[in-house]
Amino acid sequence: MGATPWFWNRLARLYERQQISDVVAYEAKLDKTREYFTPQSEVLELACGTGTTAIAHAPFVKHIRAVDFSKKMIAIAQGKARDAGVENVDFEIASIDDISSADGRYDAVLAMSILHLLDDRRAVIGKVFDLLKPGGVFVSSTVCISNPSRLLRVLLPVGSALGLMPTLNFMGKDQLIGDLRTAGFEIEHIWQPNERAAVFVVARKPG
Ligand SMILES: C[S@@+](CC[C@H](N)C(=O)[O-])C[C@H]1O[C@@H](n2cnc3c(N)ncnc32)[C@H](O)[C@@H]1O
């Protein structure tokens, strides 16, 4: 089972205090994502954490619905949005499992640092496909580890059983891209700043 809201609630304050590890790469991902936005864009962000990315994108789109199942993460995000005077982002406590395509269709769906943490990423990728309008884009950034060290293989299950770390699914970049293509996406852009960095992908639902 993947990490629970309880795990992320405990981590929320620390997560917010943590520095972005590679600011240049983070900014480059923001810039690339904005190439796909218009002032009319309706955006959904899955697993938004403390809201940094949604707040940064807010001036470039019409509206962002940003969801996370951790109420502590959402509380921090809401406070930051209030402080920044951002009014076109709605932060919502919700699990990805609870979101349905009946809720609406989006021009863009964002999933930053989450696909590798999910129990069933293929189901979520399929759901994102349904949530997008034809021609819409799915922007993700995902830790891809296909060949974990023996230490990691041993430490991770123990750490996640003790509630000290989330469950991390091991997958290679090719597997991730394959899953996106299998769901029907066309890959527009792949970028991995270095071989240990997360893989940033922009995938489009055919129009
Ligand atoms: C590694 S953090 C990433 C946060 C943010 N996207 C970022 O890039 O900083 C993972 C986030 O996913 C959330 N999360 C994990 N599983 C989730 C699920 N099934 N539904 C909603 N949120 C989830 C956690 O609460 C946490 O805030």
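Quick look at the values:
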item	result
Gain upon complete extension [VAL158, ASP174; 0.36 nm per residue less C-alpha separation]	3.0 nm
Sum of -39500 (n - 2.57) over DSSP H runs of 4+, divided by residues of the chain (222 nm, nearest 500)	-11500 deg cm²/dmol
Most positive-pole-ward Cα, LEU152, SER100, THR167, against dipole of the range 5-204 from beta carbon charges	LEU152
For the chain, size of Cβ-based charge dipole, Lys and Arg +1, Asp and Glu -1, in debye	420 debye
Along the chain, longest interval not containing exposed GluC sites (Glu not before Pro), exposed being DSSP loop plus at most 15 other Cβ atoms within 10 Å	88-194
Computed over the chain, Cα set: Rg, Dmax in Å	16.3, 48
Loop trypsin sites (Lys or Arg not before Pro), the range 109-207, which have at most 16 other Cβ atoms in a 10 Å radius of their Cβ (DSSP)	ARG196
Options PHE200, ILE177, TRP6, ranked by Cα towards positive dipole end of the range 5-204, top entry (Cβ charges)	TRP6
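Values in this text are rule-based calculations from the coordinates and carry no lab data. On a predicted model such as this, the values are computed, not experimentally measured, just so you know. A quick note on method: Cβ atoms are made from the backbone with ideal geometry, for glycine too, and the neighbour counts reach across all protein chains shown.
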